[in-house]
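**Student:** Let me begin by handing over the structure; questions about it come next.
Just so it is clear, none of the values below were taken in a lab; they were calculated from the coordinates. A quick note: this is a predicted structure, and the numbers were derived from the prediction, not measured. In this analysis, Cβ positions are derived from the backbone assuming ideal geometry, glycine residues included, and neighbour counts consider all displayed protein chains.
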Amino acid sequence: MNIRIINRSKNTLPAYETIHSAGMDLRADLESPVLLNPMERKLIPTGLYIELPEGYEAQIRPRSGLAYKHGISIVNSPGTIDADYRGEIKVLLINLSNEPFEINSSDRIAQMIVSKHEKVEWQQVEILNETTRGAGGYGHTGVG
């Protein structure tokens, strides 16, 4: 699949790190380092602009290494980029740790997955088909 992209950063284009990677790493595009204090959130620019085809979205997800090692996540995870958005991709990071975390230009801050989606047309009914699970929700299958 080809997607049109503008790269106004000094970084290379997002790329798959391994042959079976689902996501491409996004990198920070900063003039100077940004300090993210505990429980603080900041919008981090990437310098990237994309043109997705209709019927596709880009999901912005946390990087597992940043989450595990430093408590860095994404507030609206996953973030969604719609096919009609033409602005800069920015990542809303949050520091869930007890230590400040410094973000530098070119740091890998998130991953992006491009995914096809369907449009829903609602069919309003009075009764839903029965299943084994039924209305069982949170915790209905036991602890853990």
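**Student:** Starting with the fewest neighbours, write out Met1, Met24 ranked by other beta-carbon atoms found within 10 Å of each beta-carbon.
**Tutor:** Values: Met1 7, Met24 17.
Fewest-to-most ranking of Met1, Met24: Met1, Met24.
**Student:** Pick out, from Val114, Asn2, Gly71, the residue whose Cα sits farthest towards the positive end of the charge dipole of the chain, with +1 on the Cβ of Lys and Arg and -1 on the Cβ of Asp and Glu.
**Tutor:** Comparing the listed Cα positions along the dipole, Gly71 ranks first.
**Student:** In whole Hz, what ³J(HN,Hα) sequence does the range 65-77 give by Karplus (6.51, -1.76, 1.60; θ = phi - 60°), x for Gly and Pro?
**Tutor:** x, 5, 5, 6, 7, 10, x, 9, 9, 10, 4, 9, 8
**Student:** Let me ask you something else. Please state the Cα pair-distance histogram of the chain with 10 angstrom bins from zero: what percent is in each bin?
**Tutor:** Binned Cα distances yield the sequence 10, 33, 27, 18, 10, 2.
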